[in-house]
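The values are calculated or read from the model by the stated rules, or taken from the named source; none is laboratory data. As the structure is a prediction and not an experimental result, all values here were calculated from the model. All Cβ positions, even for glycine, are placed from backbone atoms using ideal geometry, and neighbour counts span all protein chains on display.
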Amino acid sequence: MNVQPDIIDEQLRMGRLRRVVDLTAYWLENGSFAHEEALSIIEHARGEILKLCPGKDDVFELVIRPRFLRILNERALVQWGRADSVN
């Protein structure tokens, strides 16, 4: 049994996952777009993440979406002068 290709594939997928999450977080923090567009970006990232990790919807909802929503709330406080409830 040759497990090395499986390990390499897993490492590549996790690297891509990390880049998708980091880039999305960067865009949410620094981009110039409306709140609705930001929510659309989150949904797009969700689709890309689930392509990399099928069946991990629960992980996205428990770990990644809250991180993105926290960024939007912090941005709302600073940039838009209010805290939106985006849950």
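When the range 55-64 is filtered for residues that are assigned to a helix (DSSP H, G or I), farther than 15 Å from residue 19 by Cα and of a type outside the set (A, V, I, L, M), the ones remaining, listed by number, are 57, 58, 61. Considering the range 24-33, and only residues there that are surrounded by 10 or more Cβ atoms within 10 Å (Cβ to Cβ) and free of Cβ contacts under 8 Å to residues at least 12 places away in the same chain, the residue that is nearest to residue 51 (Cα to Cα) turns out to be 26.
Looking for something over 19 Å from residue 74 (Cα atoms), out of contact with any Ser or Thr (no Cβ under 7 Å at 6 or more places or on another chain) and assigned to a loop (DSSP other than H, G, I, E, B) - is there at least one such residue anywhere in the range 45-54?
yes
Listed here are the residues, each with its yes/no results for (1) over 15 Å from the mean Cα position of the chain (by Cα); (2) closer than 26 Å to residue 9 by Cβ; (3) modelled with pLDDT under 95.
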position	(1), (2), (3)
29	no, no, yes
33	yes, no, yes
40	no, no, no
48	no, yes, no
61	no, yes, no
77	yes, no, yes
81	yes, no, yes
86	no, no, yes
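Checking each residue in the range 19-40 for being closer than 19 Å to residue 77 by Cβ, in a helix (DSSP H, G or I) and of a type outside the set (Asp, Glu) picks out 25, 26, 27, 28, 30, 35, 38, 39. Among what's in the range 63-75 and is surrounded by fewer than 14 Cβ atoms within 10 Å (Cβ to Cβ) and more than 11 Å from the chain's Cα centre (by Cα), pick the residue that is nearest to residue 30 (Cα to Cα). Ranking the qualifying residues of the range 63-75, first place goes to 74.
The residues in the range 21-48 that are closer than 17 Å to residue 62 by Cα and touching a helix residue (DSSP H, G or I) at 6+ places or on another chain (Cβ under 7 Å) can be counted, and the count is 7. Checking each residue in the range 1-18 for being loosely packed, with under 12 Cβ neighbours inside 10 Å and under 26 Å from residue 75 (Cβ atoms) picks out only 18.
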